[in-house]
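What follows is a set of notes on a single structure, which appears directly below.
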Amino acid sequence: MTEQKPVSETAASKVTLPDAQTVISVKHWTDRLFSFRVARPKSLRFRSGEFVMIGLLGDNGKPLLRAYSIASPAWDEELEFYSIKVPDGPLTSKLQHIQPGDDIILRPKPVGTLVHDALLPGKTLWFLATGTGIAPFASLMREPETYEKYDRVVMMHTCREQAELEYGRQLVEGLKDDPLIGELVEGKLLYYPTTTREPSERMGRITDNLASGKVFEDLGLPKMNQETDRAMVCGSLAFNKDVMAVLESYGLREGANSEPREYVVEKAFVGDGI
Ligand SMILES: Cc1cc2nc3c(=O)[nH]c(=O)nc-3n(C[C@H](O)[C@H](O)[C@H](O)COP(=O)(O)OP(=O)(O)OC[C@H]3O[C@@H](n4cnc5c(N)ncnc54)[C@H](O)[C@@H]3O)c2cc1C
Ligand SMILES: NC(=O)c1ccc[n+]([C@@H]2O[C@H](COP(=O)([O-])OP(=O)(O)OC[C@H]3O[C@@H](n4cnc5c(N)ncnc54)[C@H](OP(=O)(O)O)[C@@H]3O)[C@@H](O)[C@H]2O)c1
């Protein structure tokens, strides 16, 4: 196995492209998850929940770009991302080594379906995520509009192990102390983290906890229904497909920017798994 050089020791650290942005901070959560913050281009406007293309210069000197949800809210002066480390992944095998002061490429063209405009008005908003699929909700949980539009927000996040929940857990815990949205969040955000392969306080797949009604019982909520409940979904293809079937069984229908309905879906990544 050849040793990988940190990005800061490679030609990729200073991109010298118009879309270069400087890394401000990096935090490693597990051996396969990290988050980082970069400078926000002055011209970049986005809706909380959207994604952009980011990357590094590849070995061939061409940009190597991947879709990434912006994990910070639209009002934040910096941009935050939450990333997987795929051992042989073309981008993340390098990106995982970025350090403050390095440059990454960021194409300032935000898009995506996980936006408030794509849902009809409702009372309870469900954020349903597995793995790094929590990233767009890290943005939306810090977005004032989320709490202005809904009486209640439920964040369900499921990972195999407890350590993989930590980024979301710390983010949720910090919300009440946030000077901008702390008061808005108070009493409105219900957090429901579960693990599936390591014992923890709450366990089970999101699909099972929704279909069995366990989550409604645990949180003291009425069963999900078309009149009051709205949902945003972000996970693997298999998760998205299965959870859509559960949402449909409660009468919710998939919407889009062009046709708002009761739920919207985005892939957290393309592929069947590492
Ligand atoms: C709309 C959209 C938004 C995305 N947002 C994010 C994000 O916020 N954070 C993030 O880490 N990734 C995100 N991704 C995935 C991202 O685009 C890349 O696939 C990822 O960074 C790995 O890049 P790579 O070049 O190292 O490997 P790739 O060649 O892109 O992927 C190799 C394999 O790794 C697996 N994989 C890729 N990404 C993930 C993941 N996130 N979780 C688990 N397995 C994965 C898949 O099996 C994939 O086939 C998003 C993808 C899409 C389509
Ligand atoms: N997480 C790790 O520790 C780890 C370590 C090394 C490599 N990997 C590899 O990385 C890839 C991605 O792993 P990941 O853990 O990020 O994502 P993942 O396999 O999609 O699992 C994330 C969470 O989603 C659940 N889930 C998966 N499919 C679902 C479905 N159809 N319906 C409802 N819930 C579903 C999983 O539950 P279940 O546990 O019940 O499947 C797990 O709690 C996998 O190929 C894996 O082999 C993972």
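The values are calculated or read from the model by the stated rules, or taken from the named source; none is laboratory data. Since this is a predicted model, take the numbers as computed values, not measurements. We place every Cβ from the backbone using ideal geometry, glycine too, and count neighbours over all the protein chains shown.
Counting only residues that are more than 16 Å from ligand 1 (Cβ to nearest atom), over 15 Å from MET224 (Cβ atoms) and of a type in the set (Phe, Trp, Tyr), the stretch 242-274 holds 0 of them.
Counting only residues that are within 16 Å of the chain's Cα centre (by Cα) and without any contact (Cβ under 8 Å) to a residue 40 or more places away in the chain, how many does the stretch 54-93 have? The number of residues fulfilling the criteria is 2.
Please find, among PHE81, PHE127, PHE137, the residue that is more than 25 Å from GLY255 (Cβ to Cβ) and among the hydrophobic types (A, V, I, L, M, F, W, C). Lay out the reasoning, then the answer.
Numbers: PHE127 fails: more than 25 Å from GLY255 (Cβ to Cβ); PHE137 fails: more than 25 Å from GLY255 (Cβ to Cβ).
When all the criteria are applied, what remains is PHE81.
Restricting attention to the stretch 21-43, and to residues there that are of a type outside the set (Ser, Thr, Tyr) and at pLDDT below 95, which single residue is surrounded by the most Cβ atoms within 10 Å (Cβ to Cβ)? Ranking the candidates gives PRO41 first.
Just so you know, in the stretch 195-239 the residues that are within 16 Å of ligand 1 (Cβ to nearest atom) and surrounded by fewer than 14 Cβ atoms within 10 Å (Cβ to Cβ) include one that is farthest from the chain's Cα centre (by Cα), and it is ARG197. Has the stretch 137-144 got any residue that is within 18 Å of PHE46 (Cβ to Cβ), among the charged types (D, E, K, R) and not assigned by TED's automatic domain parsing to the domain that holds PHE81? The answer is yes, given that some residue of the stretch 137-144 is within 18 Å of PHE46 (Cβ to Cβ), among the charged types (D, E, K, R) and not assigned by TED's automatic domain parsing to the domain that holds PHE81. Of the helices (runs of 4 or more DSSP H) lying entirely inside the stretch 169-274, the ones with 1 or more residues being within 15 Å of ligand 2 (Cβ to nearest atom) are found at 206-211, 214-219, 237-249.
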